[in-house]
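Input: a single structure, listed below in C-alpha cells.
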Amino acid sequence: MSENKNTNVADLKQKYKKQSQFKEIFKRLLRNKSATAGAIVVILLLFMAIFADALHDYETQVIKQDIMNRLQSPSAEHWFGTDEMGRDIFARVCYGAKYSLLIGFTGAVTSLVLGIVLGAMAGFYGGKIDNIIMRFMDVLLAIPGTLLAIAIVASLGSSIRNLIIALSISGIPGMSRIVRSSVLTVKDQEYVEAARAIGANDRTIIFKHVLPNGMAPIIVQSTLRVASVILSAAGLSFLGLGVPAPHPEWGALLTNARAYIRDNSYMCLFPGLAIMITILSLNLLGDGLRDALDPKLK
Amino acid sequence: MSEKKYSVEIKDLCVEFKTDAGVVKALNDMELEIEEGKTLGLVGETGAGKTTTGLSILRLIPSPPGVITKGTIKLNGQNIFDISEAEMQKLRGKAVSMIFQDPMTSLNPVITVEEQIAEVIELHEDVNHAGAIQRAKEMLELVGIPGERGPEYPHQFSGGMKQRVVIAIALACSPALLIADEPTTALDVTIQAQVLEMMKGLKEKYKTSMMMITHDLGIVAEICDDVSVVYGGHVIEHGSLEDVFNYTRHPYTEGLFRSLPDLDNRTAKLRPIKGLMPDPTNLPEGCVFYPRCDYAMEICKTVKPKRVYRNETHYVECHLYDEQSVKDGGKIGK
Amino acid sequence: MSEVLLDVKGLKKYFTTKRGLLHAVDDVTFTIEKGKTLGVVGESGCGKSTTGRAILRLLEPTGGQVLFEGEDVAKLNAAQLRAKRKEMQIIFQDPFSSLNPRRTVSQTIEEPLKLHNVYPNEQERTQKVLEIMETVGLAERYVNTYPHELDGGRRQRIGIARALALDPKFIVCDEPVSALDVSIQAQILNLMGEIQEQRGLTYMFITHDLSVVNHFSDDIAVMYLGRLIEKAPSEVLFSNPVHPYTQALLSAIPIPKVGGKKDRILLKGEITSPINPEPICRFANRCQYATDRCRSEEPQLREIESGHFVACFLTE
C-alpha cells in the first residue's frame with residue numbers, strides 16, 4: 001500500500017541510495033598495495049603533465065642553454081645535473097612527462113574508440129561483417145608497429161601529431177580483438193535476449209546492455225596500452241622519428257645522452273628511470289584494475 | 001538394546017568460512033549418524049549446510065576460507081580429525097566416496113571412462129593396470145553401461161550415462177559409505193528414475209551405507225531409510241522415513257511438505273514458508289527458524305530449543321514440544 | 001465460451017548443424033484459450049523452450065503459423081513485431097543471468113516502458129514502476145538495488161515485473177521456478193496465479209516438473225524430440241495418460257509419501273538424435289508397445305476424445 005500516490009522521483013533517489021558500483025571497485029583496488037602505488041604514481045605524473053607549463057617555465061628552464069654549466073653532475077642546484085647544452089635535466093625530465101602522457105593517453109584513447117566501433121560490430125553481427133573486419137585487422141597486425149610508424153612519419157613528417165596517428169593505428173587490431181571477444185561473451189547472456197523480448201533494437205542492446213557489461217577487459221587493455229604507446233614513442237624518438245628537438249621527450253633525451261654515457265651516465269639514468277617508472281606504474285595499475293573488476297577473484 | 005554399528009557419526013560439528021562479508025557459520029553443532037547398510041536422507045534447501053556436511057566427512061573443506069572449529073567425525077569408529085592427510089587420502093575413495101551433482105564437470109574430459117574408473121582402483125588396491133581396466137569394465141556393466149564402451153570419452157555419453165560412470169567410480173572400491181550430493185538433480189525425470197533404481201539395487205547388493213543429500217522429498221521417500229532435516233547448519237528433526245513423513249513435528253518440515261504441489265489435489269493452493277533462509281553471517285540468537293515460523297512464541301526468539309524424543313529414533317528440536325506433547329502431536333497443522 | 005488467443009499451426013524450427021538439420025521443433029500444433037494456462041512438458045532436448053521462443057520470434061520460425069488473435073506473428077515485419085511485443089512477453093528461467101547486472105530494479109522494470117514511450121512523463125513512469133513492484137511483492141526500498149544484492153526469489157520477481165510492465169495479454173514462462181528453492185517456488189507460483197486472475201493473462205508454462213505443471217495448468221502438452229505427442233486437460237492427462245511416453249513420464253515422478261511408489265515404467269534405450277530424424281515414430285525404439293507400423297510411419301496428432309489429443313498408432 002503506497003500512501004503517497006505522487007511519489008517524487010527525486011525523493012526516491014534520495015531515500016534509497018544506490019550502492020555505488022564504483023565504490024566497490026575502488027575499495028577492491030585500494031586493497032591491492034602495488035596497484036595503489038601504481039595509481040598514485042600515475043596521478044602524480046598526470047599532474048606533472050597537465051601543469052607542466054606552470055611548474056617549469058619552458059623558455060627559461062627547459063630549453064635555456066647555459067654552456068658555462070654544461071655536463072654538470074647532479075647537485076643541489078641541478079638535481080639531475082645538466083646536459084651537453086647546460087640545460088637542467090630535472091626540468092627537462094619533468095616537462096617531458098607532458099609529451100609522454102599526452103601521446104600515451106591520446107594514442108590509447110583513439111585506438112580504443114576505433115577498436116570499440118569495429119570490434120563491437122564484428123562481435124555482434126558476426127558472419128560476413130565479422131570476417132571482413134577481422135581480416136582487415138589481421139592485415140594491420142602483420143605490419144610491425146615500428147615500420148608503420150616509420151612509414152607514416154617519413155611520408156607525413158616528424159611531429160607529435162603524426163606520431164600519435166601512427167601509434168593509434170597500430171593499436172587498433174589488438175583493441176578490436178578484445179572488444180570483439182568481450183562482446184561475444186556477453187551477447188549470449190539471457191538478459192540480452194530479455195532486452196530483445198521487450199522490443200529493444202540493436203543499437204540499444206549494444207550500447208546499453210552488451211558494452212557496459214563487457215567493459216572490464218577493455219578497460220584493462222586500455223591502461224596497458226597507454227604504457228605500450230609511451231614505450232613505443234620513446235623508442236621512436238630515440239630513433240629520431242618521434243618528437244622533434246628541442247622538445248624534451250624522454251626518448252629524445254636518451255638519444256642525446258647516448259654520446260655521453262661513459263662519463264656522464266646520469267644523463268641516461270634519469271630519463272630512463274622516468275620511462276621505467278611510468279611503464280611499471282601503468283602496468284601495476286592495469287593489473288590491479290583487472291583484479292578489482294573481476295568479482296570472482298575475491 | 002543391541003549395539004548398533006555406525007558407518008559415520010558426526011557430533012557437535014561446527015564449520016565456519018571466513019569471507020569478506022563476514023564469518024559464515026555453515027554448520028552449527030551438526031549431529032548426524034548413519035547405521036551400517038542404511039541410507040540417510042539429508043534434506044534441506046540451498047545454504048542449509050548439506051554439501052558442507054558431505055565435504056567435511058571427506059575432509060575436503062577448502063582450508064583458507066573454511067575452518068572446523070569444533071566437533072568430531074568418526075568413520076567406522078575412527079575420528080578422522082586425528083589422522084594425517086596421507087592416511088585420509090587412503091580413506092577417500094576406499095572407505096568413503098562422494099558423488100557430486102553435476103556429471104558434466106565431475107568427469108575429466110580428456111581421459112577415457114574406463115581409465116577414470118581404473119584410476120581409483122589402482123590408487124587403493126594392489127592390482128596392475130590391466131587388472132584395473134578389467135575391473136573397470138565390470139563396474140561399467142554393473143551400472144548398466146556395456147563394457148565395450150570403456151575406451152570412450154565422457155562427451156560421447158549422455159547426462160544420465162555420465163552420472164552412472166560417476167557412480168561407478170565412486171563404488172569401484174566398494175566403499176562402506178557413499179555420499180551422494182544431489183546426484184539426480186541435473187537429470188531428466190525418466191533418467192532420474194533409472195539411476196535411482198540402479199542405486200537402490202547396488203545399495204542392496206553391496207550393503208553400502210549412503211548419505212543422500214537432496215531437497216526433493218520424493219527421492220527421499222523412494223530410497224532413504226532415515227531422514228535428517230537440516231536448517232541453518234543444524235539438524236532440526238530426525239527420524240526414520242515413517243517418523244518424519246507420517247509424524248512430522250517440526251514446523252519447517254511441515255512447511256517443506258506444504259510447499260509441494262499435491263498430485264492428488266491439483267487445485268489446492270500452495271502454502272509456502274514465508275520469508276527467506278537466514279543470513280549465515282548473522283544467525284538468529286534463539287531458534288534458527290524463528291523469523292519464518294507460523295507457530296513462533298516469545299521464547300523461540302532468545303532460547304535455542306532442546307532436543308525432544310518421540311521414540312527411539314525420532315527427535316525434534318522445537319519449543320512447541322515437551323516429552324508428552326511430542327508423542328501426542330497435534331501442535332502443527334499437518 | 002473462451003476465445004482462442006494463440007493458435008499455433010505446424011510450427012517448425014530447424015537448426016543447421018555440421019552433422020545435418022536439427023529438428024528442434026517439428027510441426028507443432030496447438031491452441032491456447034484466453035485466460036488459460038497451457039503447460040508444456042518434456043525432458044531436455046524435447047523442444048519446449050525453443051517452441052516458446054519461436055512463438056515470440058526470439059528465434060525465427062523455420063515454418064508454420066503463429067496466430068495471435070488471428071494475426072500471424074511469424075509474418076510481421078520489424079516495426080509491427082516491435083509493437084506486438086507489448087502484448088507477448090516472456091519470463092526466463094534463470095533469475096541470475098536474465099537480469100542486466102548493471103541495472104537497478106527500477107531501471108530494469110522501467111526499460112520496456114521507456115522503449116515504447118508508454119509514459120513520456122518521468123513522474124508517471126516512476127509511479128507505474130512502483131505499482132508493478134507492489135504487484136509482484138517487491139518492497140519499495142529495492143528501487144535502487146542491483147540484482148546481485150538480492151536472492152533468487154526476489155530476482156525472479158524482477159523478471160516477472162519486467163514482463164508485466166507493458167500490460168501484455170500473453171506470457172511465455174520458461175521454467176520460471178526451476179532455479180528456485182522449494183519454498184520460494186511456492187511463493188512465486190502463487191504470485192503468478194494471482195496475477196493471472198487479476199489481469200486475465202494467458203500463460204504458456206514450460207517446465208520439466210510434472211507436479212508443478214499439474215497444479216498450475218489447465219491443459220498440458222507433452223513434447224518429445226520436437227514433436228507434440230499428447231495434449232489434454234490436466235486432470236485427464238494425469239488420470240488417463242494414453243501415449244506410452246506420457247505414461248513413463250508420469251510414473252517416473254518420485255512421490256513424497258511413504259510407500260508411495262507403485263510399479264514404475266522404466267524406459268529402455270537412449271533418446272534418438274534430433275538431427276535428420278527418420279519419418280517414423282521417434283519414440284519407437286524405447287517403447288514397449290512398438291509395432292512394425294511405428295517403426296515405418298510417423299503418427300499424427302489426433303483427437304481421441306474431447307480436448308484429448310494423442311499422436312500414437314496404438315489409439316487407432
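The values are calculated or read from the model by the stated rules, or taken from the named source; none is laboratory data. Keep in mind the model is a prediction, meaning the values are calculated, not measured. Note: ideal-geometry Cβ built from the backbone for every residue, glycine included; neighbour counts use all protein chains shown.
Observations, loosely collected:
- Selection of segment C:220-235 for residues being more than 10 Å from chain B (Cβ to nearest Cβ) and farther than 22 Å from C:Ala24 by Cβ yields C:Ala232, C:Pro233.
- Lone qualifier among C:Ser217, C:Ser273, C:Ser251, C:Ser239 - being more than 7 Å from every other protein chain (Cβ to nearest Cβ), among the polar types (S, T, N, Q) and under 14 Å from B:Ala193 (Cα atoms): C:Ser251
- For segment B:202-217, the set of residues classified as outside any strand (DSSP E or B), surrounded by 22 or more Cβ atoms within 10 Å (Cβ to Cβ) and either within 14 Å of another protein chain (Cβ to nearest Cβ) or free of Cβ contacts under 8 Å to residues at least 12 places away in the same chain (or both) consists of B:Leu217 only.
- Exclusive hit being under 16 Å from C:Val258 (Cβ atoms) and either among the aliphatic types (A, V, I, L, M) or more than 13 Å from chain C (Cβ to nearest Cβ) (or both), set B:Val235, B:Val227: B:Val227
- Complete set of residues in segment A:161-209 that are in contact with a Gly (Cβ under 8 Å, 6 or more places away or on another chain) and within 13 Å of another protein chain (Cβ to nearest Cβ): A:Thr185, A:Val186, A:Lys187, A:Ala194
- In segment C:172-187, the residues that are β-branched (Val, Ile, Thr), within 14 Å of chain B (Cβ to nearest Cβ) and within 19 Å of the chain's Cα centre (by Cα): C:Val177
- Flag if A:Ala233 is facing chain C (nearest Cβ under 10 Å), crowded, with 23+ Cβ neighbours inside 10 Å and assigned to a helix (DSSP H, G or I): no
- Residue match in segment C:151-159 (condition: in contact (Cβ under 8 Å) with a residue 12 or more places away in the chain, among the polar types (S, T, N, Q) and crowded, with 22+ Cβ neighbours inside 10 Å): yes
Residue-by-condition table, conditions (1) under 19 Å from C:Gly152 (Cβ atoms); (2) modelled with pLDDT under 85:
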{"residue": "B:Arg249", "(1), (2)": "no, no"}
{"residue": "B:Gly255", "(1), (2)": "yes, no"}
{"residue": "B:Arg258", "(1), (2)": "no, no"}
{"residue": "B:Asn265", "(1), (2)": "no, yes"}
{"residue": "B:Leu276", "(1), (2)": "yes, yes"}
{"residue": "B:Thr281", "(1), (2)": "yes, no"}
{"residue": "B:Phe289", "(1), (2)": "no, no"}
{"residue": "B:Cys293", "(1), (2)": "no, no"}
{"residue": "B:Ile299", "(1), (2)": "no, no"}
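- If the condition is being small (Gly, Ala, Ser) and closer than 21 Å to B:Glu182 by Cβ, then segment B:97-126 contributes B:Ser97, B:Ser106.
- For segment B:283-298, the set of residues classified as over 16 Å from B:Leu256 (Cα atoms) and part of a loop (DSSP other than H, G, I, E, B) consists of B:Leu283, B:Pro284, B:Glu285, B:Gly286, B:Cys287, B:Ala296, B:Met297, listed by residue number.
- Every residue from segment C:120-148 that is over 14 Å from C:Arg162 (Cα atoms) and in contact with an Asp or Glu (Cβ under 8 Å, 6 or more places away or on another chain): C:Glu140
- Test: B:Lys94 is of a type in the set (Lys, Arg), more than 28 Å from B:Thr281 (Cβ to Cβ) and in contact with an Asp or Glu (Cβ under 7 Å, 6 or more places away or on another chain): no
- Tallying residues that are at pLDDT below 85 and out of contact with any Pro (no Cβ under 9 Å at 6 or more places or on another chain) within segment A:84-118 yields 3.
- Counted residues, segment B:86-145 - those being among the polar types (S, T, N, Q) and under 16 Å from B:Leu202 (Cβ atoms): 1
- Residues of segment B:128-149 that turn out to be outside any helix (DSSP H, G or I) and out of contact with any Lys or Arg (no Cβ under 7 Å at 6 or more places or on another chain), as a count: 2
- Every residue from segment B:248-270 that is crowded, with 18+ Cβ neighbours inside 10 Å and in a loop (DSSP other than H, G, I, E, B): B:Thr248, B:Arg249, B:His250, B:Ser259, B:Leu260, B:Pro261, B:Leu263, B:Leu270
- One residue stands out in segment C:258-309 among those that are of a type in the set (S, T, N, Q) and farther than 18 Å from C:Gly47 by Cα: the one that is surrounded by the fewest Cβ atoms within 10 Å (Cβ to Cβ), namely C:Ser306.
- Verdict on B:Asp243 being surrounded by fewer than 24 Cβ atoms within 10 Å (Cβ to Cβ) and modelled with pLDDT of 90 or more: yes
- All positions within segment A:52-87 that are in a helix (DSSP H, G or I) and surrounded by 14 or more Cβ atoms within 10 Å (Cβ to Cβ): A:Ala52, A:Leu55, A:Tyr58, A:Gln61, A:Val62, A:Asn69
- Here A:Ile129 passes the criteria (1) more than 30 Å from A:Ala97 (Cβ to Cβ); (2) out of contact with any helix residue (DSSP H, G or I) (no Cβ under 8 Å at 6 or more places or on another chain) except the one numbered (2).
- Some residue of segment C:190-205 being closer than 30 Å to C:Asn276 by Cβ and under 18 Å from the mean Cα position of the chain (by Cα): yes
- Residue match in segment C:202-209 (condition: modelled with pLDDT under 90, under 28 Å from A:Ala195 (Cβ atoms) and among the acidic types (Asp, Glu)): yes
Quick grid of which residues meet (1) of a type in the set (A, V, I, L, M, F, W, C); (2) away from chain C (no Cβ under 12 Å); (3) out of contact with any His (no Cβ under 9 Å at 6 or more places or on another chain):
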{"site": "B:Gly255", "(1), (2), (3)": "no, no, yes"}
{"site": "B:Leu270", "(1), (2), (3)": "yes, no, no"}
{"site": "B:Ile273", "(1), (2), (3)": "yes, no, yes"}
{"site": "B:Pro280", "(1), (2), (3)": "no, yes, yes"}
{"site": "B:Cys287", "(1), (2), (3)": "yes, yes, no"}
{"site": "B:Cys293", "(1), (2), (3)": "yes, yes, yes"}
{"site": "B:Met297", "(1), (2), (3)": "yes, yes, no"}
{"site": "B:Leu320", "(1), (2), (3)": "yes, yes, no"}
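- Lone unmet requirement of (1) among the charged types (D, E, K, R); (2) more than 10 Å from every other protein chain (Cβ to nearest Cβ); (3) under 30 Å from C:Pro299 (Cα atoms); (4) surrounded by fewer than 23 Cβ atoms within 10 Å (Cβ to Cβ) for C:Lys169: (3)
- Long-range neighbours under 8 Å by Cβ, at least six apart or interchain, first residue crowded, with 22+ Cβ neighbours inside 10 Å within segment B:284-296, second β-branched (Val, Ile, Thr): B:Cys287/B:Val303; B:Val288/B:Ile236; B:Phe289/B:Ile236
- The numbered conditions (1) at pLDDT below 90; (2) buried (at least 18 other Cβ atoms within 10 Å of the Cβ) are all true for C:Gly64 except (1).
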